[in-house]
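One structure is given below, encoded as structure tokens.
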Amino acid sequence: MKQFIPLSVPNIKGNEIQYVTDALEKEWVSTGGAYIDRFEKEIAVYLNVNSAVACQSGSAGLHLSLVLANVTREDMVIVPTLTFIAAVNPVKYLGGAPLFMDCDDSLCMDMDKLQRFCETECELKDEKLIHLETQKHVKAAVVVHVFGNMADMEKAVKIADKYHLTLIEDATEALGSHYTKGDFAGRYAGTIGDIGVYSFNGNKIITTGGGGMMVTKDPVLSQRARYLSTQAKDDAVNFIHGEVGYNYRMTNLQAALGVAQLEKLNDFIMVKKANYQHYQEGIRTLDGLQLLPFNKAIEPNYWFYSLYIEDLEKYSKEAIIEKLSENNIQTRPIWGLIHEQKPYQKDIAFDIEKAKDYHRRIVNLPCSSNLTVGDVDQVLEVLNKSIW
């Protein structure tokens, strides 16, 4: 049998062992240490922002973001239905009500529908967007940059400004993606809205095993995020705490991994871009299939590759996943739509159409940054030679 090709695994070929060993030898292994500060500063430099706050996970960063947005039980938060559920669960942690929005052809939130929702389903009262049916205050929107693509942030910012929404960018899949055209040319995913969040889970473009990072253009919010993430200590010596805080600080061991991974980020993106283009050339010859493109106004990080099934009579995502699995190739379908999940079936979903269609038609192909040309050829060979 041919060698197993995983979907997305870490690429540990830099200074990871050296830096982690250094942290171990210095016995700084927990939520204090030089590598945490270094990782925060180097991420901030990379993203061209003033500061960054390291967290235990992307989910922790999203939870903190909603806390900073003052989301309560009386509030509604606009979220996508086509995303990983971790983008939405923190709304429920705070007792808020998620409002599910459809995707556009980038797989990111449909900003035209978001505008229509604000215009037709809500009214602006005293600089607060009030949902007419529930009378809840629509306080924030969580915009996810899906698979390293980027949402239409020009429209998102205009909508957020007009309706006084806190704009949270879930850039957990999009570290390195940036605009090359338009008003935000040169700006990275996660640095355009009020708050941005990144993830360093094991399958992300760089990893710390777990871990995440939060950035914001407001230094007051950044300071408050760091305060809340370290148990809201007012006096660390005497254990005096001013608020209910969280154990959300990244560990020094995680950060040591992150520093080494960040050194290789641009190399990883180059490899992923080359592999994407190689896939694209091969899939272009297959009738009824295509590789989804990225937004033309951006330079993506090419995190995930989405095989799109045009001809559902010839192919099904289940058959493609099964056939590749039989040939020792790991793939996955796109996420189950969140508004259809058991914990969210009673929440409001606004005009969901495209997300349902994409859910039926997408299979994610192997995309690790250590994927070889031979690996890509093996995937293409199975797709090309299989009898469907």
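The values are calculated or read from the model by the stated rules, or taken from the named source; none is laboratory data. Everything numeric here is computed off the predicted structure, so don't read it as measured data. Note that each Cβ is placed from the backbone with ideal geometry, even for glycine, and that neighbours are counted across all protein chains shown.
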*In the set LYS204, LYS158, which member is at pLDDT 95 or above, among the basic types (Lys, Arg), part of a loop (DSSP other than H, G, I, E, B) and assigned by TED's automatic domain parsing to the domain that holds THR72?*
LYS204
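Being surrounded by 12 or more Cβ atoms within 10 Å (Cβ to Cβ) and either of a type in the set (D, E, K, R) or under 21 Å from ASP194 (Cα atoms) (or both) is the filter here; which residues of region 219-233 pass it? Full working, then the answer.
Filtering region 219-233 for residues surrounded by 12 or more Cβ atoms within 10 Å (Cβ to Cβ) gives 221-233.
Across region 219-233, the qualifying residues are LEU221, SER222, GLN223, ARG224, ALA225, ARG226, TYR227, LEU228, SER229, LYS233.
Determine, yes or no, whether ILE309 is touching a Phe, Trp or Tyr at 6+ places or on another chain (Cβ under 7 Å), touching a residue at least 24 places away in the same chain (Cβ under 8 Å) and closer than 21 Å to ASP152 by Cβ. Explain how you work it out, then say what you get.
Working: touching a Phe, Trp or Tyr at 6+ places or on another chain (Cβ under 7 Å): yes; touching a residue at least 24 places away in the same chain (Cβ under 8 Å): yes; closer than 21 Å to ASP152 by Cβ: no.
Taking the combined requirement at face value, the residue does not satisfy it.
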_Taking the criterion of being crowded, with 19+ Cβ neighbours inside 10 Å and of a type in the set (Asp, Glu), would at least one residue in region 27-41 satisfy it?_
yes
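Mind telling me which of the residues LYS356, LYS385, LYS346, LYS323 ends up being touching a residue at least 60 places away in the same chain (Cβ under 8 Å), out of contact with any Cys (no Cβ under 9 Å at 6 or more places or on another chain) and surrounded by fewer than 19 Cβ atoms within 10 Å (Cβ to Cβ)?
Numbers: LYS356 fails: touching a residue at least 60 places away in the same chain (Cβ under 8 Å); LYS385 fails: touching a residue at least 60 places away in the same chain (Cβ under 8 Å); LYS346 fails: touching a residue at least 60 places away in the same chain (Cβ under 8 Å).
Selected residue: LYS323, the only one of LYS356, LYS385, LYS346, LYS323 that is touching a residue at least 60 places away in the same chain (Cβ under 8 Å), out of contact with any Cys (no Cβ under 9 Å at 6 or more places or on another chain) and surrounded by fewer than 19 Cβ atoms within 10 Å (Cβ to Cβ).
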_Looking only at region 4-18, count every residue that is touching a Gly at 6+ places or on another chain (Cβ under 9 Å) and either in the same structural domain as GLY202 (by TED's automatic domain parsing) or of a type outside the set (Gly, Ala, Ser) (or both) and tell me the total._
2
*Check ILE298 against each of (1) crowded, with 22+ Cβ neighbours inside 10 Å; (2) in contact with a helix residue (DSSP H, G or I) (Cβ under 8 Å, 6 or more places away or on another chain) and name the one condition it does not meet.*
(2)
*If SER369 satisfies every condition in (1) small (Gly, Ala, Ser); (2) in contact with a Phe, Trp or Tyr (Cβ under 8 Å, 6 or more places away or on another chain); (3) at pLDDT below 95 but one, which is the exception?*
(3)
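Tell me which helices (runs of 4 or more DSSP H) are completely within region 311-388 and hold 1 or more residues being outside the structural domain of ASN203 (by TED's automatic domain parsing) and more than 26 Å from the chain's Cα centre (by Cα), or say none if there are none. First the steps, then the outcome.
Working: elements: 317-326, 354-361, 373-385.
Hits in region 311-388: 317-326, 373-385.
Quickly run through region 158-187 and pick out the residues that are of a type in the set (Phe, Trp, Tyr) and in contact (Cβ under 8 Å) with a residue 60 or more places away in the chain.
Our first condition is that a residue be of a type in the set (Phe, Trp, Tyr); within region 158-187, this holds for 163, 179, 184.
The answer is TYR179, and nothing else.
Given the criterion in contact (Cβ under 8 Å) with a residue 60 or more places away in the chain, among the basic types (Lys, Arg) and surrounded by 20 or more Cβ atoms within 10 Å (Cβ to Cβ), identify the matching residue among LYS113, LYS136.
Working: LYS113 fails: surrounded by 20 or more Cβ atoms within 10 Å (Cβ to Cβ).
Within the list LYS113, LYS136, the selection yields LYS136.
Looking at ILE78, is it surrounded by fewer than 23 Cβ atoms within 10 Å (Cβ to Cβ), within 17 Å of the chain's Cα centre (by Cα) and among the β-branched types (Val, Ile, Thr)?
Values: surrounded by fewer than 23 Cβ atoms within 10 Å (Cβ to Cβ): no; within 17 Å of the chain's Cα centre (by Cα): yes; among the β-branched types (Val, Ile, Thr): yes.
Considered against the rule, which asks whether it is surrounded by fewer than 23 Cβ atoms within 10 Å (Cβ to Cβ), within 17 Å of the chain's Cα centre (by Cα) and among the β-branched types (Val, Ile, Thr), ILE78 comes out as no.
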*Do the conditions hold for ASP170, that is, is it in the same structural domain as CYS108 (by TED's automatic domain parsing), in contact with a strand residue (DSSP E or B) (Cβ under 9 Å, 6 or more places away or on another chain) and not β-branched (Val, Ile, Thr)?*
yes
*For region 207-253, how many residues meet the condition of being over 20 Å from the mean Cα position of the chain (by Cα), over 30 Å from ASN15 (Cα atoms), touching a residue at least 40 places away in the same chain (Cβ under 8 Å) and not in a helix (DSSP H, G or I)?*
1
_Residue list for region 239-267, restricted to those being surrounded by 23 or more Cβ atoms within 10 Å (Cβ to Cβ) and either aromatic (Phe, Trp, Tyr) or modelled with pLDDT under 95 (or both)_ = TYR248
